[in-house]
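K.L.:
I have a structure here, written as structure tokens, and I will follow up with some questions on it.
Just so you know, all these numbers are worked out from the coordinates, no wet-lab data involved. Remember, predicted model here, so these are calculated numbers, not experimental data. For neighbour counting, all protein chains shown are included, and Cβ atoms are generated from backbone atoms with ideal geometry for every residue, glycine included.
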Amino acid sequence: MDLFTPVVPVERQHENFRRVLVPGRISERAVVSEWAEGFPDRDNKFINEFQTTFNSSFWEVYLYGVFKSYSFSMNWSQASPDFWIATPYGEIIIEAVTANAAEGKEPEWDKKHLMSEAVAKKDFWPLNREAIIRLSNALSSKVRKYNKSYKNLSHVPGKPFVIAVAPFEQPDFQHQYDRAMRALLYNDYVDETAYFKDKALFPDGPPSVRLDEITKDNGSAFELGIFESDDWAEVSAVIFSCVATWGKAVAMSTGLRDGFIMANWGTDESGKSEPRRSRVGIPSEEIHDGLQIFHNPHASNPVDLQVFRRKGVVQHYLSHGVWIRESYDECLQFRFTYASGAPFRDSPHR
């Protein structure tokens, strides 16, 4: 499948697609093309959607590349949901979705500054609040779709149903790591804003707090802790990554090029991290680095922990009443790329 030969007029191409067509990104395009090798265009419109909407299609291609790296087999005999995979630990149904910018708000690609003023000051609440709201909307839409349609399909019942969501809801989305998702699913918010205001008050690192609910811009509120009850028992787990972006292709590409990559990697079970710098053109990541699996302890059809277990893949799950965050000590949390001397606005999806 040729993703990068334009099939739509320039005026209809997504901003991110136009940016990745520049000659200097040939090695990055080769990485993404390898991910996509063998991916079926079941409705004969995937390439068009990749070039006009980009983010959601890119996320599907990335997921396909991940599943290939695990040597999962994929059954394409049904048109939906997006993936029907067979693993050594059973079959799984996976639906992909992206969290997108709210109408009237700044899209993720329209990045006028390296980071927002709030993030620069280490005030992560505005970022995480917006992420929680948009991720909630994305997940809720797929739960409704499951109950309205998917559960009635012959191949779906009895199998774990997993929602794979990527955040593209705001320009600083790559800074959220697991903060928004932990709050949304488990009512467990890591309050880094409080920590950076006075580190002396928190010698063990940023505190985890229960927020209970979030109030939207329109004044309505919704409860947090989706996986604290059996309300969403049909959802077995959520797959998530805020670093499954074009920057992943940069970090995996080879060749003599100017540029560098700054990344934060987890160093211990508490989630502490260290910065690491690498050179563009020397692969510094594997495709699964940064992937997170949030398991639902109330799932009707749980996902076996062995399915996605791999160094660098964080799994969140409840074990004997204790929350475990497996592989927190060797995980990719954040990445910034500066490739081929291009300013940051010319590189999508840092």
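K.L.:
Suppose every K and R has +1 on its Cβ and every D and E has -1 on its Cβ; what is the size of the dipole of the chain about the Cα centre, in Debye to the nearest 20? Display every interim value, and only then the final one.
P.N.:
Working: 40 positive and 48 negative charges, 133 e Å.
In debye, rounded to 20, the chain gives about 640.
K.L.:
Within the P(r) computed for the stretch 96-150, what percentage of the Cα pairs occupies the region above 20 Å? Intermediate results must be reported in sequence, preceding the final value.
P.N.:
Working: 558 of 1485 pairs.
It works out to 38 percent of all Cα pairs.
K.L.:
Additional query: Given the C-alpha centroids of the stretch 237-295 and the stretch 1-66, what is the distance between them in whole angstrom?
P.N.:
So the two Cα centres are separated by 20 Å.
K.L.:
Turning to a different aspect of this structure: Between residue 75 and residue 151, what length comes free when the chain is fully extended (0.36 nm per residue of separation minus the Cα-Cα distance, one decimal in nm)?
P.N.:
Details: separation 76, 0.36 × 76 = 27.36 nm, distance 1.72 nm.
Once the chain is fully extended between residue 75 and residue 151, it gains 25.6 nm.
K.L.:
On to the next question. Quick one: compute the contact order of the stretch 1-59, relative version, from alpha carbon pairs under 8 angstrom and 6+ residues apart, as a percent. Could the numbers behind the result be given before it?
P.N.:
Working: 45 pairs, mean separation 33.0, N = 59.
After rounding, I find 56 percent.
K.L.:
Mean-square fluctuation check for the chain, GNM, Cα pairs under 10 Å: which of 137, 128, 296 is largest?
P.N.:
Of the options given, 137 has the highest mean-square fluctuation.
K.L.:
Just to confirm the filter: which trypsin sites (Lys or Arg not before Pro) across the stretch 172-244 are DSSP coil and have at most 16 other Cβ within 10 angstrom of their Cβ?
P.N.:
Working: sites: 179, 182, 197, 199, 210, 216; in loops: 210, 216.
Passing sites in the stretch 172-244 are 210, 216.
K.L.:
If you take the charge dipole of the chain about its Cα centre, with +1 on Lys and Arg Cβ and -1 on Asp and Glu Cβ, which of 38, 206, 291 is farthest toward its positive end?
P.N.:
Positive-end residue among those listed: 38.
K.L.:
Report the full-extension gain for the segment residue 121 to residue 48: residue separation times 0.36 nm, less the Cα-Cα distance, to one decimal in nm. Can you show the working numbers first?
P.N.:
Working: separation 73, 0.36 × 73 = 26.28 nm, distance 4.00 nm.
Here the segment from residue 121 to residue 48 would lengthen by 22.3 nm.
K.L.:
Could I get the Rg over Rh figure for the chain? Both from C-alpha atoms, Rh via Kirkwood, rounded to two places.
P.N.:
Working: Rg = 19.5 Å, Rh = 20.8 Å.
So for the chain, dividing Rg by the Kirkwood Rh gives 0.94.
K.L.:
Taking a 22 Å limit on the Cα-Cα distance, which of the listed pairs 272/311; 145/311; 197/272; 45/148 fall beyond it? Please report the intermediate quantities before stating the final value.
P.N.:
Working: 272/311 17 Å; 145/311 33 Å; 197/272 17 Å; 45/148 24 Å.
Among 272/311; 145/311; 197/272; 45/148, the Cα-Cα distance tops 22 Å for 145/311; 45/148.
K.L.:
Based on a Kirkwood Rh over C-alpha pairs, give the Stokes-Einstein translational diffusion coefficient of the stretch 200-350 at 10 °C and viscosity 1.306 mPa s in µm²/s. Show your work: numbers first, answer last.
P.N.:
Numbers: Rh = 17.7 Å.
Using the Kirkwood radius from Cα pairs, D works out to 89 µm²/s.
K.L.:
Between residue 229 and residue 201, how high is the FRET efficiency from 1/(1 + (r/R0)^6) when r is the Cβ-Cβ distance and R₀ = 41 Å? Nearest 0.05.
P.N.:
Working: r = 32 Å, r/R0 = 0.78.
Given R0 = 41 Å and the Cβ-Cβ separation, E is 0.80.
K.L.:
At what distance in nm do the modelled label points of residue 213 and residue 33 sit from each other, each positioned 7 Å from its Cα along Cα→Cβ?
P.N.:
Placing both labels 7 Å along Cα→Cβ, they lie 5.3 nm apart.
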